[in-house]
Amino acid sequence: MKIRTTLPFKTAFLATAIGGVCAQPTMADDKTLTVALYGGNWGDAFIGCVAQPFTQATGIKVVPEIGTSTTTLAKLQQQKAKPGIDVAWMDGGISELAQQAGVLDSLDATAIPHLADVVPQGLYRSGDSVFAVSSGYYSLGLTYNTHEISQPPTSWNDLWKPAYAGAVTLPSPANSAGVPFLFFLAQARGLDTADLSPLLEQLAELDTSSYYDSSGAASNAFQSGEAIIGAHFNVGAWDLVDKGLPIGFVVPKEGAWATDARLHLIKGAPHKAAAQRFIDTALTREASACLAEKLYLGPAVKNVQVPPAVATKLPWGERGSLADLRMLDWNTINARRAAVTDDWNRKVAR
Amino acid sequence: MNRGLRMPLAMLAAPLAFFVAFFLAPLAVVILASLSDTANAWTLEQYVRVLADRYHWEVILVTFRIACLTTLVSLLLGYPLAWYLTRMVRWRAWRRVCVILLVVPMFTSNIVRSFGWMVLLGRKGLLNQTLLDGGLIDRPLRLLGTETGILIGMVYVLLPFMVLAIGNALSRLDASHELASADLGAPPRATFFHVILPLTLPGVISGCIMVFTLAVSAYVTPALLSGGRISVLSMLIFQQYSSVFDFHYGGALSVVLLIFTLVMVGFAGRIGRTRGDA
């Protein structure tokens, strides 16, 4: 008898509790904004540099929805009919896929006045409408161990130097930078990007220490001395330098491959006006400088002033500028991603 | 409804709902994706693509070779270890300490432990440094990015499962069987091979199945210790889901891995049963 009375009671209690939790955001509907962003120090920086100033100015609470770009895109596709996310940060490449999936709204310069301050290449258009705006660039530069390599490398061809055999690390295609980096490396070595087979054959002969899936694995390889040279993100490399490790980061003469973290307004966003205001906040010089200081993201906003110590760590290197970054066309890369990955598996990863 | 049935059913409802929502439903999604193409039409195309290609068979071979070797090495190390824990340790507290030592690494993340092995097995790692300093080798051995490296990491991660399964079987063994065997004049060797081993075989088989299934589907350890230079099936699957976004092909790869594993497990279960009956 006991179970018959307590079980429904408990179920009812549980249902009330769950209902209560779920109902909370709707009760405070006008006072929250759901923003999809990355985890770790990236997410912390986005919250510190953009969300907090936004909340201070508007009183609207930002609810972070943490996930990688890929996860965010998957969520957006599932919620297409009734989105729960207002604004999403997604990386270049995934941004184009989101646009093709039809989950993005266009960014309107009248509602987001700071769009006018963004460099032209930081606005991503499909036809006439802007579907994404860059909130800062990061690059994959030549990173090396300053103890083992006294003369800073100057070219991507240096990876093939016999002295570095067995101690080279590069991104694998499972990393978001892996496939575009292959296109870039082919260009840097003067190969035709229409057929990457020759490059993959050269890579198969290159005595690498590892191909990394995650930026963390690359940092680990440099930290342990497993890798003494390779391609690493400026964000991760300078983080190692800041920790006092003997690491150097250079943008070689062929330039460095780069991409950006972009902001998107979600189609059918429950709080559109607040979302536009949020994106506008992210495009202020203050927010952009803050992201540059915290993540060494190269500002896409014009005339951002950063301290000299930060300026040398930006994705274009010490003396470079935005022009040194090689940003490839993501649509071409996405179209060939499956084939290149397959070719890589057969030629390199075996 | 019968009152006697109502309570077990009520108790089953929650785990059953959990099982359906978090295991069957996702599995169904994967299977459906593997049987369709981008236009959502039914097709076996993905399976043809996987199975008609020599490359995939090579990857399957590597995957199963690593999993089988992991199981074998875990068994060879795990049986004596379980024996030591259940038979030779007389002091209870020490046995507890040993079991805790065995289990504690499982509380830390697989990623951390694999990174630990990267430090130990690396070019400048402890192992190579020791061998170099001892004059045993002239240049560092290459362990990371080789099947040996993956094997070392996998055995370390999975050995506790084997020891616990075998230890459980050994500790439940009735001592009178051994006494009877000795009484009938069997030397200890014969007692072990004809009495103890067959009686602990169910534990051995369940340990092997656990280790094998975990090894064949492992992602983190092979991904980190292979340094992307060797591919196992789980890595190909991850690639399709994480960066290529071809869920049809990735789904087919997953189902192929699942079926091959089930066949191997069914095979192992059969060995256990026939030997157990004899």
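Only residues that are in a helix (DSSP H, G or I) and within 7 Å of chain A (Cβ to nearest Cβ) were counted in region B:220-234, giving 2. Candidates are the residues of region B:133-152 that are away from chain A (no Cβ under 14 Å) and in a helix (DSSP H, G or I); the one that is surrounded by the most Cβ atoms within 10 Å (Cβ to Cβ) is B:151. Tallying residues that are in contact with a helix residue (DSSP H, G or I) (Cβ under 7 Å, 6 or more places away or on another chain) and either in a helix (DSSP H, G or I) or closer than 16 Å to residue A:124 by Cβ (or both) within region A:58-107 yields 20. The residues on offer are A:119, A:179, and the sole one that is surrounded by fewer than 22 Cβ atoms within 10 Å (Cβ to Cβ) and farther than 12 Å from residue A:228 by Cβ is A:119.
Quick grid of which residues meet (1) at pLDDT below 95; (2) away from chain A (no Cβ under 14 Å):
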| residue | (1), (2) |
| --- | --- |
| B:34 | yes, yes |
| B:38 | yes, no |
| B:41 | yes, yes |
| B:48 | yes, yes |
| B:53 | yes, no |
| B:56 | yes, no |
| B:71 | no, yes |
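Output the residues belonging to region A:101-151 that are touching a residue at least 24 places away in the same chain (Cβ under 8 Å) and of a type in the set (Val, Ile, Thr). Listed by number, the residues that qualify are A:103, A:112, A:118, A:119, A:130, A:133, A:143, A:146, A:149. The set of residues in region A:70-98 being within 19 Å of residue A:258 (Cα to Cα), surrounded by fewer than 23 Cβ atoms within 10 Å (Cβ to Cβ) and among the polar types (S, T, N, Q) consists of A:70 alone.
Reported count of residues in region B:198-215, each being within 8 Å of the chain's Cα centre (by Cα) and over 11 Å from residue B:158 (Cβ atoms), is 1.
The set of residues from region A:140-177 being part of a loop (DSSP other than H, G, I, E, B) and either among the polar types (S, T, N, Q) or away from every other protein chain (no Cβ under 14 Å) (or both) comprises A:146, A:149, A:150, A:151, A:152, A:153, A:154, A:155, A:161, A:172, A:175, A:176. Go through (1) away from chain A (no Cβ under 14 Å); (2) over 29 Å from residue A:97 (Cβ atoms) one by one and return the number of the condition residue B:254 breaks. (2) is the only condition that residue B:254 fails. Among the candidates A:344, A:330, which residue alone is crowded, with 18+ Cβ neighbours inside 10 Å, within 14 Å of chain B (Cβ to nearest Cβ), touching an Asp or Glu at 6+ places or on another chain (Cβ under 6 Å) and within 25 Å of residue B:242 (Cβ to Cβ)? Just one listed residue meets the conditions, A:330.
Listed here are the residues, each with its yes/no results for (1) of a type in the set (S, T, N, Q); (2) touching a residue at least 40 places away in the same chain (Cβ under 8 Å); (3) part of a loop (DSSP other than H, G, I, E, B).
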| residue | (1), (2), (3) |
| --- | --- |
| A:259 | yes, yes, no |
| A:263 | no, yes, no |
| A:278 | no, yes, no |
| A:281 | yes, yes, no |
| A:287 | no, yes, no |
| A:292 | no, yes, no |
| A:304 | no, no, yes |
| A:335 | no, no, no |
| A:344 | no, yes, no |
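Taken across region B:165-183, residues that are touching a residue at least 60 places away in the same chain (Cβ under 8 Å), of a type in the set (S, T, N, Q) and either part of a helix (DSSP H, G or I) or out of contact with any His (no Cβ under 6 Å at 6 or more places or on another chain) (or both) do occur, with at least one present. The set of residues in region A:186-239 that are free of Cβ contacts under 8 Å to residues at least 24 places away in the same chain and within 14 Å of chain B (Cβ to nearest Cβ) comprises A:205, A:216, A:217, A:219, A:220, A:223, A:224.
The values are calculated or read from the model by the stated rules, or taken from the named source; none is laboratory data. Here the structure is a predicted model, which means the values were calculated and not measured. Glycine gets a Cβ as well: all are built from the backbone with ideal geometry, and neighbour counts include every protein chain shown.
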